[in-house]
1. Quick test of your reading of the structure: Lys169 fulfils all but one of (1) assigned to a loop (DSSP other than H, G, I, E, B); (2) without any contact (Cβ under 8 Å) to a residue 60 or more places away in the chain. Name the failing condition by number.
2. For the range 147-170, does any single residue satisfy the condition of being at pLDDT below 95, under 24 Å from Ser32 (Cβ atoms) and touching a helix residue (DSSP H, G or I) at 6+ places or on another chain (Cβ under 6 Å)?
3. Any idea how many residues of the range 83-103 are farther than 21 Å from Asp182 by Cβ and touching a helix residue (DSSP H, G or I) at 6+ places or on another chain (Cβ under 7 Å)?
4. When you go through Val74, Val78 one by one, which is the residue that is of a type in the set (A, V, I, L, M) and touching a Pro at 6+ places or on another chain (Cβ under 6 Å)?
5. Do any residues in the range 180-195 that are closer than 16 Å to Lys169 by Cα have Cβ atoms under 7 Å from those of residues that are buried (at least 17 other Cβ atoms within 10 Å of the Cβ) and of a type in the set (A, V, I, L, M, F, W, C), where the two are at least six apart or on different chains, and which pairs are they?
6. List the residue pairs whose Cβ atoms are under 8 Å apart, where the first residue sits in the range 56-69 and is over 13 Å from Ala195 (Cβ atoms), the second is of a type in the set (Asp, Glu) and surrounded by fewer than 15 Cβ atoms within 10 Å (Cβ to Cβ), and the two are 6 or more positions apart or on different chains.
7. Considering only the range 117-150, state which residues are closer than 19 Å to Val30 by Cβ, in a loop (DSSP other than H, G, I, E, B) and touching a strand residue (DSSP E or B) at 6+ places or on another chain (Cβ under 7 Å).
Amino acid sequence: MNAKHLNATLVVLLAIFLYHPLHAQNTLTVKSVKATIQGSSTLHDWESQITQITCLGDFQSENSLLKTIADISVKIPVAAIKSSEGKMMDNKTYEAFKSDEHPYITYTASRAQITTDAARNTTIKVSGSLTMAGTTKPITVEAKGKSLPNGDMEISIARKLKMTEFNMKPPTAMMGTIKVGDEVTVVVSLVLAQAAAASR
């Protein structure tokens, strides 16, 4: 190899090494998930905690910003929904979800659309399939993403749903005098961390 070819090779290698750190993608893993279901009734507003939730996906970041999300899969055991109103409300919830025949709530999507503005605020739009009480519907979810001071990333979701759209009967109590509202809001906070950091 003559000097001219050697210099050209060095230039190419230098360009690769300079470019790569700026644009390398990093894999993120799910560090924590918190979720609640919020609703109303003829008596008062209520909230149920989702105490167990599995969230899987291919999460990639670039330059400390969320870049891509793919192969999204969420699974919630109906029995993991726990109300602050106690066991009676829980049993009414399980009945509405027809949990004996359909013990899980699932959401799947192949890919998310991600946009980031000049202030580094991230908006995430996911179109997927939600299955509850044995009925599957196409559902689009919009979320907000932000970087946390420790380098983690938080995704926040608040999505309104109507139980009757999934052939569910809103729970009632006290001989029908207390009725739960048809519309509920599912609130989710998902924290992502660098794969290496999350495994430590």
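1. Failed condition: (2).
2. The answer is no, given that none of the residues of the range 147-170 is at pLDDT below 95, under 24 Å from Ser32 (Cβ atoms) and touching a helix residue (DSSP H, G or I) at 6+ places or on another chain (Cβ under 6 Å).
3. Of the residues in the range 83-103, 1 are farther than 21 Å from Asp182 by Cβ and touching a helix residue (DSSP H, G or I) at 6+ places or on another chain (Cβ under 7 Å).
4. Val78
5. Taking only residues 6 or more apart or on different chains, the pairs are Asp182/Met163; Val184/Ile37; Val184/Leu161; Val184/Met163.
6. Listed pairs, sorted by first residue: Leu56/Asp71; Thr68/Asp58; Ile69/Asp58.
7. Leu148
Listed here are the residues, each with its yes/no results for (1) surrounded by fewer than 16 Cβ atoms within 10 Å (Cβ to Cβ); (2) of a type in the set (Gly, Ala, Ser).
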| site | (1), (2) |
| --- | --- |
| Arg120 | yes, no |
| Thr123 | yes, no |
| Gly128 | no, yes |
| Thr140 | yes, no |
| Ala158 | yes, yes |
| Glu165 | yes, no |
| Thr185 | yes, no |
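The values are calculated or read from the model by the stated rules, or taken from the named source; none is laboratory data. Keep in mind it's a predicted model, so treat the numbers as computed, not measured. Cβ coordinates were reconstructed from backbone atoms using ideal geometry, including for glycine residues, and neighbour counts include every protein chain displayed.
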